[in-house]
Amino acid sequence: MTESELYKNLGSLTKSKDQWEENIPYVASLLLSESTKIKAKTLWLLGEMGLKFPLAIKDGVPAIAAFCDSAEPFLRVRAVNALGRIGRGCYSSIEPYWDSLFRFAHDEEASVRLAFIWASENVATNTPDPYKDYLLLFAELLHDPDDKVRMEAPEMFRVLGKRRPAFVAPYLELLRHIAETDPNRVVRIHCLGAVKAAGRND
């Protein structure tokens, strides 16, 4: 099967959610492809499959996590995102790799830092408690030089503010300040949203 045929096949499978669980081993096998395009699509699909069937994909998590060490930034992005989606479905499925995700807060590629925040939001949606002592790291990302990273960073505070407002309380003044002063309108809006989510918009 050519790369284009295989990519099309993955696209069709993406739409056939009723076939996902039985096809997890097949899709996981495509991580051995020589094509970066196929591996990236595979990582994305495994993440979505893992959100829906996190226990069924558990055996494939080590192979997914291995791509976190890829020299190719796009594959690091996709691997981190996949772990986030799987972790949203079942934290224990990715728990052995959870600590290692925090190194991506300082990845040289902004796209990978962005993926780290997004993956963290996914995990924290259903499992917020492990993030209790890590908010300072996300506060640092509020000052990231990349606009997209700064736009996403407040969303972690919003997710946690809804679930564990006490975690966010020490950062409310900072979020309010950024909501009033950041030159990026979306950053300001997202910071204000985080403050509101924590129930402290006074």
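Looking only at residues in segment 1-40 that are out of contact with any helix residue (DSSP H, G or I) (no Cβ under 7 Å at 6 or more places or on another chain) and acidic (Asp, Glu), the one that is modelled with the lowest pLDDT is GLU5.
Each residue in segment 116-145 was checked for being within 13 Å of the chain's Cα centre (by Cα), hydroxyl-bearing (Ser, Thr, Tyr) and open to solvent by 30 Å² or more (accessible area, probe 1.4 Å), and 0 of them qualify. In segment 18-47, which residue that is in contact with a Lys or Arg (Cβ under 7 Å, 6 or more places away or on another chain) and not small (Gly, Ala, Ser) is farthest from PHE74 (Cα to Cα)? Per the criteria, the residue is TRP20. Checked across segment 160-174, the condition of being part of a helix (DSSP H, G or I), within 16 Å of the chain's Cα centre (by Cα) and surrounded by 14 or more Cβ atoms within 10 Å (Cβ to Cβ) holds for at least one residue. Does ALA66 meet the test of being surrounded by 18 or more Cβ atoms within 10 Å (Cβ to Cβ) and in a helix (DSSP H, G or I)? The answer is no for ALA66. Just checking, which of ARG76, ARG85, ARG113 is touching a His at 6+ places or on another chain (Cβ under 8 Å) and either surrounded by 18 or more Cβ atoms within 10 Å (Cβ to Cβ) or basic (Lys, Arg) (or both)? That would be ARG113, the only listed residue that is touching a His at 6+ places or on another chain (Cβ under 8 Å) and either surrounded by 18 or more Cβ atoms within 10 Å (Cβ to Cβ) or basic (Lys, Arg) (or both).
Screening ARG103 against (1) in contact (Cβ under 8 Å) with a residue 24 or more places away in the chain; (2) within 28 Å of PRO73 (Cβ to Cβ); (3) among the charged types (D, E, K, R); (4) open to solvent by 20 Å² or more (accessible area, probe 1.4 Å) leaves a single unmet condition, (1). Residue check: ALA65 meets all listed conditions (1) touching a Pro at 6+ places or on another chain (Cβ under 9 Å); (2) free of Cβ contacts under 8 Å to residues at least 12 places away in the same chain but one, namely (2).
The values are calculated or read from the model by the stated rules, or taken from the named source; none is laboratory data. What you see is a predicted model, and the numbers here were worked out from it, not measured in a lab. Neighbour counts are summed over all protein chains in view; Cβ atoms, including those assigned to glycine, are modelled from backbone coordinates with ideal geometry. Accessible surface areas use protein heavy atoms only, side chains included; no ligands, DNA or RNA. Shrake-Rupley method; radii C 1.70, N 1.55, O 1.52, S 1.80 Å.
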